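The values are calculated or read from the model by the stated rules, or taken from the named source; none is laboratory data. Quick caveat: nothing in here was measured; it's all calculated off a predicted structure.
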Amino acid sequence: MATKEMQNEEALRRLLNRGKLELPSDDFTSRLMERIEAEPLPAKSWMPRYQLIVLFVSFVLAVLLVAFPVWSWFGFEFTPARFFLYYAAEGFRLASVWLGEVLSHMGAMGKMMYLLPVSVAILLLVALDQALKRPSAKTSQA
C-alpha cells in the first residue's frame, strides 16, 4: 500500500473510533411518522391535463384537415396530402440556398479557407476523445 493510502486509512480509523453510536429514543419512529403525516400532500401534476389538451387540439386539426381539404390560414394553403411534403421541400430548398450562399462567401477567403473545416474537425475530434475517454481504474495490490 502507498503511504498516502495508509495515512488516509489511519485517519478514517481514528475518526470512526472517536465517535460512539447513539441509539435513538424509544418514541423516535412514532414522532417521525407523525411529522411525515403532518406534511401537506404534493399538488397534482399539470402534465396529464396538458397532454390531453395537446392531444385534443391535434385531433381537432386533423379532423378539420380531412373535413375541409383545402383552406387558407395566414396565406398558407393546407391540404392533407401535400401540406407536409410541400413545406418540407420548401424548407429544404431554403436551407440549400442558404448553405450555398455561406459556402460561396467562405470560398472568397482564398488560401485561408482550409482553416475553418480543419478547425471544426479538430474540435469534433477533441470532443469525441473526451466523450469516449474513460477514467482508468487504478488497481492496487497489497
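A count restricted to the stretch 30-52 and to residues that are modelled with pLDDT of 85 or more and part of a helix (DSSP H, G or I) stands at 9.
Do we have S25 as at pLDDT 80 or above, among the polar types (S, T, N, Q) and more than 36 Å from the chain's Cα centre (by Cα) here? The answer is yes for S25.
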